[in-house]
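**Student:** To start, I am sharing the structure in question, which I have written as structure tokens.
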Amino acid sequence: MPSHASRRSPLRLRHRPAGNNAGDTVWLFDLDNTLHDASHAIFPAINAAMTAYVARVLACDDDTASRVRVDYWKRYGATLLGMIRHHGVDPADFLRAAHEFPDIEEMVRVRRGLAAQLRRLPGRKVLLTNAPQDYARAVLRVAGIEHCFERVVAIEQMWVHGDLRPKPDRRMLRRLLARLRIAPGRAVLVEDTVSHLKRYAGLGIRTAWITGYLRSMTPSRPHDVPAGAARDAAQQAALRAEAQRHAHDRDADRAARQEAVTLVAAENQAPGPRLLAEAQQAGGNEGREAGGTAARQRARMVHRPGYVDIKVQSVHQLHRRMRRNGS
Ligand SMILES: [Mg+2]
């Protein structure tokens, strides 16, 4: 039976955060691949640690464990949820094992000036991450931005009626906004994971898609990032899986196409002919630009889905955009 002792972790305001907290906006910042480059070293390490954990629990080899890890992640949105449901693991134990990095100082990569940009961004800032609290605080500390956030809402605070409900669960976010007394219209969720934004857009919050650290088709949490031809094949498979996942949408064709465009465009590889055709068909400046400079440039974002209010590459760009808009 999983231990649920951590579910009552309070949402304490530990200190008054530094920086510009003025205005009505409340920024809900994701952590991995939003504020720092997790694909560089941390996600591969989490993948390896999770695979080892799965192998231990299932008493299987690493290849099988890796397949199970990815399968649960695809089916439930998090490997942890599959491990709880099918193997009764203790979530705290699993998360601790997957996020322990004695040398985290060498693994965290952030853009220069991140702390200053966050401080200047007007509005309250809350960190909202599916990662565990200790890991999130360690990353914030190494990145030098812990003081920018009024609270850290980690996976330990995402229990709803006895079940763990990480992002993109709607009940969890609705409940969190109510507990923090944040009107949905004031909240902006800042995320690299476009499927989270899609899921939450209907709640009345605004959404900001951070694209600068995206490297793979399936960027939300630890994932496989194979190299070369294997990576291309994996991306095609991920595309097909993504399209299937949306087969039950009312407008399945449109959804599949939209996902395909956004996810393919998110890649930092040269765009293929289909992407270029779609980019040019989209007709936007970015689309034309991507089409015109494809030979010498990495793929650019060519598409902003309707459920994304703001699309930027970085917090720096987000700050500039807000300043320009006077909000
Ligand atoms: Mg993320």
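The values are calculated or read from the model by the stated rules, or taken from the named source; none is laboratory data. Just so it is clear, the structure is predicted and the values come from calculations on it, not from any experiment. Cβ atoms come from the backbone with ideal geometry, glycine included; neighbour counts cover every protein chain shown.
**Student:** Need the failing condition index for VAL57 against (1) within 16 Å of the ligand (Cβ to nearest atom); (2) in a helix (DSSP H, G or I); (3) touching a His at 6+ places or on another chain (Cβ under 8 Å), just the number.
**Tutor:** Exception for VAL57: condition (1).
**Student:** Looking at the stretch 160-195, which of its residues are within 20 Å of ARG124 (Cβ to Cβ) and within 12 Å of the ligand (Cβ to nearest atom)? Outline the logic, then answer.
**Tutor:** Of the residues in the stretch 160-195, the ones within 20 Å of ARG124 (Cβ to Cβ) are 167, 172-191.
Scanning the stretch 160-195 gives LYS167, LEU189, VAL190, GLU191.
**Student:** Going through LEU173, LEU114, LEU180 one at a time, which residue ends up being crowded, with 21+ Cβ neighbours inside 10 Å and either under 28 Å from GLN317 (Cβ atoms) or over 19 Å from the mean Cα position of the chain (by Cα) (or both)?
**Tutor:** Going through LEU173, LEU114, LEU180 in turn, just one is crowded, with 21+ Cβ neighbours inside 10 Å and either under 28 Å from GLN317 (Cβ atoms) or over 19 Å from the mean Cα position of the chain (by Cα) (or both): LEU173.
**Student:** Considering only the stretch 20-60, how many residues are buried (at least 17 other Cβ atoms within 10 Å of the Cβ) and modelled with pLDDT under 80?
**Tutor:** Qualifying residue count, the stretch 20-60: 1.
**Student:** Report yes if some residue within the stretch 99-107 is within 19 Å of VAL153 (Cα to Cα) and crowded, with 19+ Cβ neighbours inside 10 Å; otherwise report no. Working first, answer last.
**Tutor:** Looking only at the stretch 99-107, we keep the residues that are within 19 Å of VAL153 (Cα to Cα), and these are 99-100.
If we keep only those that are crowded, with 19+ Cβ neighbours inside 10 Å as well, we get 99.
Within the stretch 99-107, one or more residues are within 19 Å of VAL153 (Cα to Cα) and crowded, with 19+ Cβ neighbours inside 10 Å.
**Student:** Could I ask something else about it? Could you tell me which numbered condition THR218 fails, if it satisfies all but one of (1) modelled with pLDDT under 95; (2) in contact with a strand residue (DSSP E or B) (Cβ under 8 Å, 6 or more places away or on another chain); (3) under 30 Å from THR51 (Cα atoms)?
**Tutor:** Failing condition for THR218: (2).
**Student:** Just one of ILE155, ILE145 is within 15 Å of the chain's Cα centre (by Cα) and over 19 Å from TYR307 (Cα atoms); which is it? Before the answer, list the steps.
**Tutor:** Working: ILE145 fails: within 15 Å of the chain's Cα centre (by Cα).
Testing whether each residue is within 15 Å of the chain's Cα centre (by Cα) and over 19 Å from TYR307 (Cα atoms) leaves just ILE155.
**Student:** Identify, please: which residue in the stretch 134-149 is under 14 Å from ASP30 (Cα atoms) and more than 16 Å from the ligand (Cβ to nearest atom) and is, among those, surrounded by the most Cβ atoms within 10 Å (Cβ to Cβ)?
**Tutor:** Among residues in the stretch 134-149 that are under 14 Å from ASP30 (Cα atoms) and more than 16 Å from the ligand (Cβ to nearest atom), the one surrounded by the most Cβ atoms within 10 Å (Cβ to Cβ) is CYS148.
**Student:** Can you name every residue in the stretch 127-184 that is touching a Ser or Thr at 6+ places or on another chain (Cβ under 6 Å) and among the hydrophobic types (A, V, I, L, M, F, W, C)? Give the derivation first.
**Tutor:** First, pick out the residues of the stretch 127-184 that are touching a Ser or Thr at 6+ places or on another chain (Cβ under 6 Å): 136, 154, 156-157.
Within the stretch 127-184, ALA136, ALA154 qualify.
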